[in-house]
Structures are given as structure tokens and as C-alpha cells.
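J.: Let me give you the structure first, and then I'll get to my questions.
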Amino acid sequence: MTIEQARTRIETLRKTIARHARLYYENDAPEISDYEYDALFRELTELEDAWPELAVQDSPTKRVGGKASEKFAKVTHPVKMGSLTDVFDADELRAFLTRTRDALLEDGAPAEEILFTVEPKIDGLSVCLTYENGALVLGATRGNGTIGENVTENIAVIDDIPHTLTAPVNLAVRGEVYMPHESFAALNEKREAAGEKLWANPRNAAAGNLRRLDSAGTKEAGLSIFVFNYQTGDLWTDGHTPASHRETIDRMAELGLKTIRIQTVTADIEAVVEAVTEIGRMRENLPYDIDGAVVKIDSLSQRTILGEGPSTPKWAAAYKYPPEQKITRLLDIEVQVGRTGVLTPTAILEPVKLAGTTVSRATLHNIDIIRERDVRLGDWVKVQKAGDIIPEIVGSVPEKRDGSETVFAFPEKCPSCGETLIWDDAGEEEDAVQESDTVTDTATGTLRCVNPGCPAQLERRITHFASRGAMNIDGLGPALVKLFIDNRLAGDVGDLYALRKEDIAALPRMGEKSAANLLAALETSKTAGGERLLYALGIRHVGEAAAEAIIGRFGSVEALFAVTAEDLCQVDDIGGITADMVVRHFALPETRAIVDKLTAAGVQTAGKSASAQEDTGSGPETTEAAADFTGLTFVLTGTLSTMTRDEATAKIKQRGGKATGSVSSKTSYVVAGEAAGSKLAKAESLGIKVLTEEEFIAML
């Protein structure tokens with residue numbers, strides 16, 4: 001591999017890892033499994049080690065976790081809550097154990113025996129609990145390892161967390177808040193009955209409910225905790241100092257804290273490997289999720305000798321189990337129509353228990369996947385959960401075939417509306433759609449229904465419109481959307497704002513109170529702003545960031561009826577494909593009719609920043625001395641000492657400027673905080689003006 005190839009791969013990995021870290025730590029919505037994420041992380045680490053001249057301070061390998069949410073007060077942890085080195089097989093584990101033992105022996109052959117502890121790695125949300133004189137005074141999430149979120153009110157309603165310990169000690173401990181399988185099943189059953197979106201897995205549910213703004217909701221979620229590490233303080237009131245991890249675990253249990261009792265302590269490397277293997281065998285039958293096993297040096301003094309690496313301790317490692325796979329029979333393949341008309345095949349399976357839940361359906365994505373994985377109706381197939389969330393078929397088991405299996409063929413007509421389907425076979429890059437009279441066995445790509453009146457697309461379009469990232473209409477889930485469509489109450493998203501209380505209340509499982517709540521949520525959504533409205537319209541390739549950039553440039557959804565593709569391509573990060581999709585969408589008479597309905601109902605089509613400036617004449621923070629950043633584009637890099645990046649971004653937007661995530665020839669200024677990395681280097685290479693934090697504040 002050349003240095004340029006390494007540079008390209010490193011940059012790709014950094015972007016990919018940063019995105020998945022945001023999804024996992026900040027949005028509680030991971031798209032890949034821990035196993036897949038850790039493999040990407042390890043590849044990046046190895047490349048940076050091999051090419052040290054390409055390493056930068058703001059690399060994901062130099063950070064821990066995610067940033068603390070703005071919803072909660074910040075907390076600085078008494079001891080850094082770091083992550084662990086990952087190993088993926090028995091040989092890697094043996095290498096870690098041997099390396100660790102040799103390092104201690106080289107240091108001078110410690111008098112005490114070198115012992116390792118092995119325990120399950122709970123799949124939840126890491127927290128720090130602080131007690132003063134035996135009383136709980138603080139509960140905080142890990143955040144970035146140094147600064148977390150103050151979630152004390154929510155921590156206090158978890159039954160397994162004592163408010164008072166059995167002795168008046170001062171200490172901080174680390175634990176993992178998780179959701180037991182029983183609580184997860186009960187919570188999703190309740191959400192399904194209410195027509196709400198189901199939680200994807202117990203880890204997401206635990207993280208989401210611990211970080212709620214109402215502690216009553218946290219209590220109802222049925223969360224639990226395992227405390228697994230002593231951070232700092234006095235475990236004993238008589239001045240005794242703990243010598244080992246085992247000793248701290250036993251003492252924390254005596255104090256009333258719930259600790260992990262599945263533990264092995266041994267000096268034998270093969271016994272450690274066997275203990276890890278045994279925990280893997282137990283995984284399916286545990287009442288909670290685990291995503292690995294943790295191996296640590298037992299002696300606290302030996303841990304001190306080994307010390308810490310840049311982002312992980314040298315005395316511990318996490319063994320990561322690969323995604324669990326099961327074999328079951330494929331009974332049928334159903335074809336579903338999405339909101340953009342794409343037909344997606346879904347496998348119907350003989351129910352099988354997988355990663356804590358019973359699976360009877362799995363995604364097959366498209367015809368190419370079915371062919372590539374040689375999946376036939378009646379096959380025995382291997383199933384796993386992609387990202388430990390979405391069941392998918394990995395492949396067939398040909399040796400179990402008996403000759404009765406049949407090759408699957410896509411329908412020629414849309415299963416929802418009966419219209420002829422077309423192949424979108426040029427892919428996302430070209431976005432060219434070619435018509436076909438028949439669905440052939442050799443056709444490839446994406447099959448699509450382009451009928452704008454297709455009922456299945458309508459249901460998904462309205463559901464998307466009401467979703468949290470879009471108009472955030474609380475209580476309007478897929479089940480209720482289907483009821484509206486079936487009862488002819490909603491023919492498009494504009495009809496939602498014409499709903500009457502009596503019509504809603506008359507629907508099954510509704511009533512006066514539910515109808516009133518939904519109408520209130522609809523009224524609130526009217527002020528969501530043009531950015532969210534554009535995203536809510538569900539235009540292909542227009543995500544939340546693209547919608548914000550477009551409205552930031554043109555001011556309102558209404559203005560988009562007059563823009564050209566060339567106009568849109570002048571917006572940062574908007575390419576030709578996205579521009580073409582927006583222009584096509586706003587050329588449709590259906591779009592004009594929907595926006596007219598929304599406007600007549602009082603839905604805000606202008607962007608939030610534009611509306612704020614209209615209301616105040618100058619923007620929320622603009623004063624006589626404030627600068628005008630209109631036409632300027634800023635990129636922030638490194639850590640700012642006087643404000644967060646979100647706060648700096650808000651100040652830029654309030655003054656009419658733009659803040660983007662990448663440096664280009666269109667960038668006006670790069671604001672460089674502490675430990676600025678590759679963005680600073682790129683700015684210097686392009687000759688772009690670089691501002692210190694002090695210079696940036698002066699500009700404000």
C-alpha cells in the first residue's frame with residue numbers, strides 16, 4: 001500500500017467511524033454491530049500505527065465515546081471513563097495475555113502472582129455513580145470519557161441503584177445501565193399497542209430511556225445496572241486500601257451495589273480462553289444482552305505498573321463475539337413498497353430465537369442480494385442481526401436442500417396499486433430509470449413503482465413526515481396512519497392538518513383524549529420550520545443536513561418552486577443528483593397542491609433562522625456591534641475553550657453565515673481550536689484564512 005492509498009483509506013475510515021460513533025453514542029441508533037464497528041476501529045488504528053505521519057489529534061482513535069448532550073448539565077468525571085482494546089479470536093486473546101504478563105515480568109518480576117479476571121461485557125450505557133457519606137449525590141453518563149451528562153434524577157428511579165449504601169463511604173463507581181429482556185419485551189408490547197415505533201434492541205432502549213427528560217418514563221422502562229469497577233474514594237471506613245479487582249467487587253456488593261457475579265480468576269492463559277468461550281456459550285440464555293467478555297489484570301498495583309495507552313488501559317481487553325447466527329427455514333418472500341416506490345423483498349422465516357428476540361422476518365434488500373446469496377424459497381438459511389438490530393439472511397445452506405426449493409421471481413405489477421414496475425438499474429450515482437415491460441430473470445438493481453397515488457407509498461410517506469427527525473408529530477405512528485388512509489381521512493400529508501377531533505375520536509383504540517393530544521401535536525408541528533418540512537417531504541437524497549443547507553440558502557420551501565438545478569449546486573455539499581431530485585419534486589403539480597394545503601393550514605415553510613430574523617429584525621443575538629457573516633462559510637476544527645462547536649455554529653448562523661464540516665475552496669475561514677487536525681492542514685494547503693479562537697470571538 002502506498003502512502004496515498006493509506007491516506008485515502010484512513011480518511012474514509014475516520015468519516016465512517018465518526019458517523020457510526022454519533023449514531024451509537026449520541027442518537028442511540030446504531031446501524032452496524034459492535035463487532036463490525038470495532039473491526040473498522042482496529043483497521044484505522046493499525047493504519048495510523050503503520051503510517052504515523054498520517055496520524056492527527058482529532059482522529060476517532062484518540063477519542064472515547066461521544067459528546068455529552070446539550071439536554072443535560074455537564075459533569076467532569078473524577079477518573080477518565082475509557083474504552084478497552086478489542087480482540088476478536090482466541091489467538092489474539094492469547095497474544096494480549098502473553099504480552100501483558102511479559103510486560104510485568106520485564107518490569108522486575110512482581111512478587112505477587114499475575115492473575116487475570118474474566119467477566120461478561122454488559123451491552124448497555126456506561127455510567128458513573130458518586131456517593132458522599134454513603135448517599136447517592138450524582139449519576140452521570142460516560143459522554144466522551146472525560147465529560148458526561150448529569151442524569152441523577154433518572155438514575156435515582158432505577159430500582160437496582162441504592163440511594164444509600166450500607167456504610168458512610170465516599171466513592172465513585174462505574175457501572176453499565178441495561179434493559180433486561182423481560183423489560184424490553186414489555187416496553188415494546190406497550191409501544192406496539194399505542195402505535196409507536198418499537199425499540200430496535202435492549203441497548204438502544206436502555207440508552208434512550210436513561211436520557212429521557214422525564215424520570216417517570218425512565219422508571220417505567222424497567223432499567224437495571226451492574227457495577228463493575230471501583231473508580232475512586234474510600235471503599236472502607238477503617239482506612240483499608242483494596243489490593244485487587246476481586247476485593248473491590250466483593251466490597252461494592254457488601255455496600256449494596258449490584259455487581260457482576262459471573263467471574264473467573266486465574267493465572268492460566270488457557271483457563272482464561274476457556275472462561276471467555278464459556279461466557280459465549282451462556283450468551284443466549286442470559287436474561288440480558290452481552291456483547292463480549294472483559295479480561296483484566298486482577299492486581300490494582302500491577303495495573304498501575306502497566307499504565308494507560310492513549311485511549312485504552314494496557315491491563316484490560318474486551319473479547320468481542322461475532323454476531324450470533326442461527327439456521328432456520330425460509331417459508332416465503334413478501335415484497336413491500338417503500339415511500340419512494342422501491343420494492344424490498346422481506347423473508348418470512350420459521351420463528352427462531354436470535355440475539356435475545358424471536359425473529360420471523362428478515363430483510364433481503366433487493367434481487368441482487370437474493371441471487372448473490374443463492375437464496376431460494378424453501379431453503380434452510382443462515383440468519384443474523386445486522387448491527388445487532390435488523391435481521392438479515394447471510395446465505396443459504398445448499399447441503400440441506402431436497403429438490404423442492406424454487407427460485408424467487410419478482411412481481412411484474414406493484415403489489416399495492418397494480419401499476420407496471422420499472423427497473424432503476426443505473427444506481428444512485430446516475431439515478432437513471434429505465435422502463436421494462438417485464439421483470440426478467442437477468443434484470444438487476446432496484447425495482448420501483450412510480451405511481452404517485454400508490455397506497456403503500458402514501459402510508460410510508462405520511463409516517464416519515466410525522467417522524468421525530470421530520471415534523472415530530474407525537475403519537476402519529478404507522479398504525480394510526482394506516483387507519484387515516486383506510487378511512488379516507490388522509491390522501492396526502494397536507495390533509496393531516498384538516499383532521500377533525502370527532503373523526504379521529506371515532507377510530508378504533510382512539511377517543512376524545514387521544515384525539516385532543518394528536519391535534520395538539522399537529523398544532524405544535526406547524527412551527528417545526530422549513531428545514532424540517534423539506535426533509536419531511538421525503539425527497540430522494542435529501543436528508544436532514546441537505547434540507548438545512550438548502551433552506552439556509554433559499555430561505556423557505558416556497559422558494560424552491562423557482563430554483564434551478566444550477567442554483568442548488570451552488571449550495572455546499574449539494575451535488576447534481578440531489579439538485580435534480582429537488583427540481584423534479586417541485587415541478588410536480590402534487591407538490592404544489594400539498595404545499596398550498598400546508599400553507600393554508602398555517603404550517604411554517606420558512607427556515608427557522610429566517611423566521612427569527614423576520615420576528616426580531618436582526619436575529620436573536622445580533623447587537624449593534626455584532627458582525628454580519630452573510631456569504632461567509634466557516635469550518636470548525638479542534639476543541640474550543642469558551643464554547644462548544646454547537647454554540648459556535650449557532651452564533652455563525654445567527655449572523656447569516658454557514659458552518660460546514662469539510663474544508664473546500666468555498667470555505668471562507670477555518671476556526672482552529674486546541675488539537676486541530678487534518679482540516680487545519682487542508683486549510684493551510686488551500687491558502688484559506690485560519691482564525692484562532694480569540695480572533696473568531698473578536699469577529700463575533
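J.: If exposed means no more than 12 neighbouring beta carbons inside 10 Å and the site is in a DSSP loop, what's the longest run of the chain without any exposed GluC sites (Glu not before Pro)?
T.: In short, 114-434.
J.: Put +1 on the Cβ of every Lys and Arg and -1 on every Asp and Glu Cβ in segment 633-699; which of Tyr669, Leu691, Gly638 then has its Cα farthest towards the positive end of the dipole?
T.: Going by the charge dipole, the pick is Tyr669.
J.: Please report, in debye to the nearest 20, how large the charge dipole of segment 530-611 is about its Cα centre when each Lys and Arg carries +1 at its beta carbon and each Asp and Glu carries -1 there.
T.: I would put it at about 260 debye.
J.: Another one. Nothing charged except the Cβ atoms of Lys and Arg (+1) and of Asp and Glu (-1): what's the magnitude of the dipole of segment 204-362 about its Cα centre? Round to the nearest 20 debye.
T.: Here the size comes out at about 480 debye.
J.: Here is a follow-up. P(r) tail for segment 85-320, what percent of Cα pairs lie past 34 Å?
T.: Details: 5154 of 27730 pairs.
When all Cα pairs of segment 85-320 are counted, 19 percent exceed 34 Å.
J.: May I ask for the net charge around Lys258, where only other residues with Cβ less than 14 Å from the Cβ of Lys258 are counted and Lys, Arg are +1 while Asp, Glu are -1?
T.: -3
J.: Take segment 89-205, drop everything but the C-alpha atoms, weight them equally and run the Debye formula without solvent; then report log10 I(q)/I(0) at 0.14 Å⁻¹ to two decimals.
T.: For the requested q values the scattering log ratios are -0.87.
J.: Across segment 455-525, what fraction of all alpha-carbon pairs, as a whole percent, falls in each successive 5 Å bin from zero upward?
T.: 3, 18, 33, 29, 14, 3
J.: Long-range amide H contacts for Gly475: which residues qualify at under 5 Å (H placed 1.01 Å from N, peptide plane, sequence gap of 5 or more or a different chain)?
T.: It is none; the list stays empty.
J.: Relative to the longest principal axis of the chain, what angle (0 to 90°, nearest 10) does the C-alpha long axis of helix 455-466 take?
T.: Tilt relative to the chain: about 60 degrees.
J.: On to the next question. What percent antiparallel are the DSSP beta bridges of the chain, to the nearest 5? Each step should come with its number before you reach the end.
T.: Working: 75 of 90 bridges.
Bridges in the chain are about 85 percent antiparallel.
J.: What order do you get for Trp199, Trp236 when you list them from fewest to most C-beta neighbours inside 10 Å?
T.: Ranking Trp199, Trp236 by Cβ neighbours within 10 Å, fewest first, gives Trp236, Trp199.
J.: Counting each DSSP H run of 4 or more residues in the chain as -39500 (n - 2.57), what helix-only mean residue ellipticity at 222 nm follows after dividing by all residues, to the nearest 500 deg cm²/dmol?
T.: After summing the helix terms and dividing by the residues of the chain, the value is -10500 deg cm²/dmol.
J.: How big is the charge dipole of the chain about its Cα centre, in debye rounded to the nearest 20, if each Lys and Arg gets +1 on its Cβ and each Asp and Glu gets -1 on its Cβ?
T.: With only Lys, Arg, Asp and Glu charged at Cβ, the dipole is about 1140 debye.
J.: Considering the options Ile369, Tyr230, Leu700, tell which one lies farthest towards the positive end of the dipole of the chain, charges being +1 on Lys and Arg and -1 on Asp and Glu at the Cβ, about the Cα centre.
T.: Leu700
J.: Given the options Leu93, Ala515, Gly543, identify the residue whose Cα lies farthest towards the positive end of the charge dipole of the chain (+1 on Cβ of Lys, Arg; -1 on Cβ of Asp, Glu).
T.: Checked the options; the winner is Ala515.
J.: Which of Arg261, Arg9 has the fewest other C-beta atoms within 10 Å, and how do the rest follow up to the most? List each step's numbers first, then the result.
T.: Working: Arg261 9, Arg9 16.
Final ranking by Cβ density, sparse to dense: Arg261, Arg9.
J.: For the chain, calculate the relative contact order in percent as a whole number, restricting contacts to Cα pairs under 8 Å that are 6 or more residues apart.
T.: Result for the chain is 10 percent.
J.: Let me ask another. Can you give the alpha-carbon Rg of segment 326-426 over 2.2 N^0.38 Å, where N counts its residues?
T.: Against the empirical 2.2 N^0.38 Å value, I get 1.10 for segment 326-426.
J.: Using Cα atoms only, what is the angle between the long axis of helix 181-193 and the major principal axis of the chain, expressed in degrees (0 to 90) to the nearest 10?
T.: Taking the Cα atoms of the chain, the angle to 181-193 is about 20 degrees.
J.: Please determine, in degrees from 0 to 90 and to the nearest 10, the orientation of helix 269-282 with respect to the longest principal axis defined by the Cα atoms of the chain, where the helix direction is its Cα long axis.
T.: 40
J.: Have a look at the DSSP beta bridges in segment 633-699 and tell me what percent are antiparallel, nearest 5.
T.: 10
J.: Once you have the alpha carbon radius of gyration of segment 633-699, what is it after dividing by 2.2 N^0.38 Å, with N set to its residue count?
T.: Cα Rg divided by the expected 2.2 N^0.38 Å: 0.98.
Read-outs throughout are calculated quantities, based only on the coordinates presented, and are distinct from any laboratory measurement. Because the structure is a prediction, the values reported are computed rather than measured. Cβ sites come from the backbone with ideal geometry, for glycine too, and all protein chains shown count toward neighbours.
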